[in-house]
Each structure stands twice: as C-alpha cells, then as structure tokens.
Amino acid sequence: MSTARVTVADLKQMKVERRKIVMLTAYDAPFAYFVEAAGVPAILVGDSVGNTVLGYENTLPVTVQDILRHTQAVVRGTRQAMVIADMPFLSYQVSNERALRNAGQLLQEGGAQGVKLEGGKQTVTVTAHLVDAGIPVMGHLGLTPQSVHQLGGYRAQGRTLAEAEELQSDALALERAGAFALVLESIPATLAQKITESLTIPTIGIGAGVHCDGQIQVLHDVLGLNPRAGHPRHAKAYANLGEKIRAAVNTYVQEVENESFPTREHSFKLPNELARALRKETAVPAQDQS
Ligand code: KIV
C-alpha cells in the first residue's frame, strides 16, 4: 500500500473529473485517524480549534504554536490524507516575511502539505509570496471568522451586487496569485456556483450550496460535539456524540459510586500462594483480638 499523501494536483484532478472533494477539520491524532479511515482525502487543522477544543469564544486567540501542535498530532494520526494547516489571526497579515516564517514552520515542523489564509485582495500579495517559496496556499473567502468584529458577527456574505462582484474578483485574483483551492464560506449558493465555474482551481464550500467542487465541515459540528455554540445553519449533525459522552460518563460516575465498577474482570489477581501469604501477614494476631 502506498503511503504517499494526497497532493494539490490530486485535488485539481478531482475538479476536472467532477469528483466531489470531501474535507473535514480535525485537531488530534485519533479523530484524524477515523476521518482518514472514512475516505476523506484532505483534512484542515482549522483555527476553529479555538472554539471546538481550546474553549475560546472565537478564533482570534489561536496562535501559530497551537496550530503547530495540533497539525503535528493530525499528521501523526494519518498516512494518506493531505493535511492543511490554518494560519491564525496576525500570523500572515503583519509582513510577508513573518508569514513565510510561520507557514514554513507549519510545513517543516508541523508536517502540513499546505496552509490556508483568510481574506480577499488584501491577501493576494502574501499568497503569491508563499506560493513563490513553494508553499501551497488555500484561500478562504466570504465569511472569514478572523474578521468577525469587522463583519459585525457570523453573517452570510455576498448578498448585495457589490459584495457578490467583489467576491468574484477576489476569487480570480487569488487563483492568479497561485492559490491551489478556495474555501467559500456562507455565501449564496448561486454566487458560489458562478465562482466555481469561473475558476480552474477547486472551491470547497461551507454554507455555500451544493455546486462547489467540494465541501468542508467542522468535525465537532458534524459529530454533535459542541456544548456551547448553537448548531450553525450550514452544518448537519450526523451524530450526537455529546449526548453519548454525557450518558457514558453519568453511568461511570454511578457505577463508581455504587461500587459496581470495577468488577473482578477489571481487577488483577495475585498468585494463590502470595495471596495466602498476604492474608497471613495482615491477619490480626490472636492476642490483639478482643
Ligand atoms: O477553521 C476552520 O475550521 C475553517 C473552516 C470552517 C473552513 O476555516
């Protein structure tokens, strides 16, 4: 069995052959293992790790070190999936040099095959800079969670003619800058279709309708593992693992409290003569018995 990972060229070929590109996020080795085992060809170590795993309100506090650590875990948990590391807030906006250092670290030390950055025209120069250095870059347009304060909340984008036109030209500009794919988040399905048809690189939708070349979802939304956040409109819960965890832990608590766990089956036995010797040693001497 080949252990070569899925490449940028493979994803482009999937667009050509009209095979849907299924993506999910993952943040640690065991979940990444199961995601890959289900046949997902590309995994994003999203800065959504901030909300899903690290307990933050939004993605803004996530650091390069956070993404690095989680990328390493996802890479260790997989063999064939392409692993894309999200570049966190302010890791690529300050200067091209800093962006290159950070992206380079995610590839060199993290083992990622590519990085993702959020934003339109303002990220064209940095995208070209990274691509020139040999780093595959995925763009991210529409609802860009790192700009939540500027956008005034997690709202659908591209719903006016001006916004729609801007998104179309941003998509083309990122393709020209060398991006290998684009995430389109929370934009109208017809606009996503138009953008998808205008590009040679794949579009990966999240809340952008069925006509994108692929779909991505946040793993914890799909698994029903989001205790705090309401369920996002664009996500479908394929399981309710939160409830399963609650029920399992409740049962464990009860069984420990009422001593029905651990049983003999979960305990270790001494060899018989040792057990007898131990019983003798700990027996209360006759003169001490009242
Ligand atoms: O961080 C993330 O999980 C993402 C996806 C929502 C595309 O950027």
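The values are calculated or read from the model by the stated rules, or taken from the named source; none is laboratory data. All values reported here derive from a predicted model rather than from experimental measurement. Here the Cβ is made from the backbone with ideal geometry for all residues, glycine too, and neighbour counts use every protein chain on show. Surface accessibility is based on the protein's heavy atoms, side chains included, excluding ligands, DNA and RNA. Shrake-Rupley method; radii C 1.70, N 1.55, O 1.52, S 1.80 Å.
Worth pointing out:
- Computed with a 1.4 Å probe over protein heavy atoms only, the accessible area of Leu182 comes to about 0 Å².
- Label-point separation in nm, Leu274 to Gln65, each point 7 Å along Cα→Cβ: 4.4 nm
- Of all segments of the chain bounded by chymotrypsin sites (Phe, Trp or Tyr not before Pro) found in a DSSP loop with no more than 13 other C-beta atoms within 10 Å, the longest spans 1-237.
- Relative to the dominant Cα principal axis of the chain, helix 64-76 is inclined by about 70°.
- Given their separation in residues at 0.36 nm each and the Cα-Cα distance between them, Glu197 and Ala9 gain 65.8 nm when the chain is fully extended.
- Calculated accessible area for the stretch 245-284 comes out at 100 Å² per residue, all protein chains present (probe 1.4 Å; ligands, DNA, RNA ignored).
- For the pair Ala156 and Arg79 in one chain, pulling the backbone fully straight at 0.36 nm per residue adds 24.2 nm over the alpha carbon distance.
- Only Lys, Arg, Asp and Glu carry charge here, each on its Cβ (+1 for the first two, -1 for the last two); on that basis the stretch 29-137 has a dipole of about 160 debye about its Cα centre.
- Dipole of the stretch 62-200 computed with +1 at Lys/Arg Cβ and -1 at Asp/Glu Cβ about the Cα centre; of Leu106, Leu174, Gly120, farthest Cα towards the positive end is Leu106.
- Scattering profile of the stretch 245-284 at q = 0.21, 0.24 Å⁻¹ [log10 I(q)/I(0), Debye over alpha-carbon scatterers]: -0.72, -0.79
- Surface share of carbon and sulfur [accessible, 1.4 angstrom probe, percent] for the stretch 157-290: 55 percent
- Difference of contour (0.36 nm per residue) and Cα-Cα distance, Ala237 to Glu165: 22.7 nm
- Nearest-ten-degree value, helix 272-282 long axis tilted from longest Cα axis of the chain: 70 degrees
- P(r) weight above 17 Å for the stretch 163-252, C-alpha pairs, percent: 55 percent
- Theoretical FRET efficiency, 1/(1+(r/R0)^6), r = Cβ-Cβ of Gln254 and Ala37, R0 30 Å, to 0.05: 0.40
- Debye-sum result for the chain in log10 I(q)/I(0), which assumes one identical scatterer on each alpha carbon, at q = 0.07, 0.10, 0.15 Å⁻¹: -0.34, -0.57, -1.13
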